[in-house]
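Undergrad: Have a look at the structure that comes next, please.
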Amino acid sequence: MTEGPDGGAAAHRSRDCPAPDAWRFPNPATPMGSSAYYSLRFAPRDLRDDLAVLTAWRHQVRMIPDQVSDPGVARLKLQWWRDELARAFTGAPHHPLSRALQPIAARHGLPQARFSGIADQVEAEILRRRPADEADLDAACERDLGAFFELIARCRGRTETDVLRAARRLGGFCARVYLIRDSGILARRGRAVFPTEQLSIHGLSSATLARREHRERLPELLASAADRAGTKLATPDRHRGLPVCIRVRVRILESLLNEIADAGYEVADRRIGLTPLHKLWLAWRESRRAT
């Protein structure tokens, strides 16, 4: 009998997990009011459910380091999802979400390697691998949310090299913004927020940054991190050919970064966000913009 991600039998888990219909839009990974919700809300109607399933898959894998503190257990759970991914592409998956993903991946010709890259980045975080420098952090961000944006672009039928490259770059930008937004809580947990090279210049490490007296130095570090994130946007025709749901997500995260900057990057002990109404307004305006 095949074991599930939490150690239970797959036959038992299939009774406890939501039915595949539960992964349609909106689902637990795209709740109303979230940036993911508004980005998919403005996607073509016939693609929303497919994109919601992709979002749910990434969400299931991404939340492992937050839900499981023991690295060994976390890696076992991640490996179960890796095996499920392989079954979704080559065999008969067990989990309802994997069963929902299987026809979507086939229908849009989605490469398994992009899903695997997301899982690889989660494993790096479980093992507390620190990005050595800014290029290393850029690669990590693009391996995760960048790969996810590429999958979205492929679902929209965009396979041109320049479009996929732009999708990955802008996904990397959004990942950077999330790191900045969540840097306070990540620092308290000893998770990687900045490259080790940058921390060493300031006489810091991820371990020392976890202490309150050093977390107060976050604003000076985050200002340069925001500048680095902004370079992802400073390209001509940055939105050309990209699906509206990617453009909406980028527009919301760009506004969030501005909000954090206006607050002086004071995120050590609070989480800055946009209101749902603000996100809706940004999403609507972006959806009306010609590309």
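Rule-based calculations on the coordinates, nothing more; no lab input. Only a predicted model underlies this, so the values are computations on that prediction, with no experimental measurement involved. Glycine gets a Cβ as well: all are built from the backbone with ideal geometry, and neighbour counts include every protein chain shown.
Undergrad: Can you tell me which of 39-52, 22-35 comes out highest on packing, and rank the rest after it, using the mean Cβ neighbours within 10 Å?
TA: The most tightly packed comes first, giving 39-52, 22-35.
Undergrad: With a 10 Å radius around each residue's Cβ, average the other Cβ atoms per peptide and rank 259-266, 139-146, highest first.
TA: 139-146, 259-266
Undergrad: Once you order the gyration tensor axes a ≥ b ≥ c over the Cα atoms, which shape class does the chain get: rounded for a/c under 1.5, otherwise prolate or oblate by comparing a/b with b/c?
TA: It is oblate, given that a/c is not under 1.5 and a/b is not larger than b/c.
Undergrad: Label region 69-153 by shape, choosing from rounded, prolate and oblate, from the square roots a ≥ b ≥ c of the eigenvalues of the Cα gyration tensor; if a/c is under 1.5 it is rounded, and otherwise prolate applies when a/b is larger than b/c, oblate when it is not.
TA: On the way: a/c = 3.26, a/b = 1.34, b/c = 2.42.
Since a/c reaches 1.5 but b/c is at least a/b, the shape of region 69-153 is classed as oblate.
Undergrad: While we're on this one: Just order 156-169, 93-106 by mean Cβ neighbour count inside 10 Å, highest at the front, would you?
TA: Sorting 156-169, 93-106 by mean packing, highest first, produces 93-106, 156-169.
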